[in-house]
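Engineer: The following block contains the structure, expressed as structure tokens.
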Amino acid sequence: MIGYRSLLKAPLAQAASRVPVRGLWWGHDTIEDQYDREKAKRSKDVISWSKPGKNLEEKEEYIWAPARIRNEANHSKGFLSKWTGTTDVLAFTTKTKPALWKMLFYPEEYVEASRKKQYSSLVASQEFVQERLLSLGPDLAAAHFLCHRNCRVRFRGHKEWTELQGKGVLDIPAVYVPGWVIEAIDCSASKLVFEGLQNLRNLHYLKYLDISYCDLMDEWCLDRISGEYADTLEYLNLSGCRGLNWNGLEVLWRLKNLKTLVLKDLDHVEDLNLICLLLLDVNPNLKIIGAEYLDTKLLEGTQFEYLLQDDWIPKLETGEVPNQTVPADTSNQTKPPSVTHREEARPL
């Protein structure tokens, strides 16, 4: 007769005894659970970044966190990707009308809804992609993002601008390569929105930025630009940005190294002259192009009114002329009359 202890030592009996315990254990940790937990942990890590070719210790100077950028990009979204929050869901369930009904009887609402839909599609197309940043690095990832949206970039050490060639060919690396650093960006007349600026983070060597005639640029975009590139940007072109106002231009005082500011076709901005003077007060070496911030009418009726004359020439006092001997052969020539003031020598 087989004893009880011998039955417990049998492999089949041991396996049978363990099955109920594992099956009833609610917190069983599978391999898939371990992988998902490790992946979520790695996504929150902070990746150090520094100049290419330098020592690893210098990477503590700059940091960029892809997970943090992703959280900031998702902050403006609601619990549904189609709507922005609970307010839009309530409006959809109570006041919605079919598109055909709007087009026939409410054309104004139909046009407004179409524009909102187009803008939502534009925002969705410029969302931050974490995988692109991790595989290319900040500079090459920003270059791919911009060049596929009718923009162009220039890398350090390159004289030519990089943009899409014929048939959508982009002649830059598709993986991370050290040494590719963006120094200039040209986004003129593009459809860049605020959400798209999430893809332009950690560009620590950017000096030139042209966002002229971008209709979707507003004070929120300038607030992010002035905070992101406060220490490096030297040239900024804001000409023709109809979405800007005086509140957006005030934040430009953060750009410490800004040397040239272009403000053409910004007549709609209130108190533009005063804003230019305030910027010059903070940064005296700043050169402002396209804005007449000096009001010459203030000189009328004052002692400095002569400065308004187009042909005004400063008067020079006559000095003493040293005595010079006249040669004998030129004694018969007449001596020119002396001129005491510059105005007397000016022809009528």
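What follows draws every value from the coordinates through simple rules; no lab data is involved. Since we're looking at a predicted model, the values are computed, not measured. A quick note on method: Cβ atoms are made from the backbone with ideal geometry, for glycine too, and the neighbour counts reach across all protein chains shown.
Engineer: Rounded to the nearest Å, what's the spacing between the alpha carbon centres of the stretch 226-290 and the stretch 148-199? Just the number, please.
Structural biologist: So the two Cα centres are separated by 24 Å.
Engineer: Residues of the stretch 247-276 with amide nitrogen under 16 Å from the 7 Å Cα-to-Cβ point of T302?
Structural biologist: Within reach of a label on T302, which here means backbone N under 16 Å from a point 7 Å along Cα→Cβ, the stretch 247-276 contributes 274.
Engineer: Can you give me the long-range amide H partners of K191? Hydrogens built in the peptide plane at 1.01 Å from N, cutoff under 5 Å, separation of 5 or more residues or another chain.
Structural biologist: none
Engineer: Ratio of alpha-carbon Rg to the 2.2 N^0.38 Å globular estimate for the stretch 166-286, to two decimals, please.
Structural biologist: Dividing the Cα radius of gyration by 2.2 N^0.38 Å gives 1.12.
Engineer: Here's another thing I want to ask about it. Nearest 0.05, what FRET efficiency do D223 and L104 give at R0 = 30 Å with Cβ-Cβ as r?
Structural biologist: The computed FRET efficiency comes out at 0.10.
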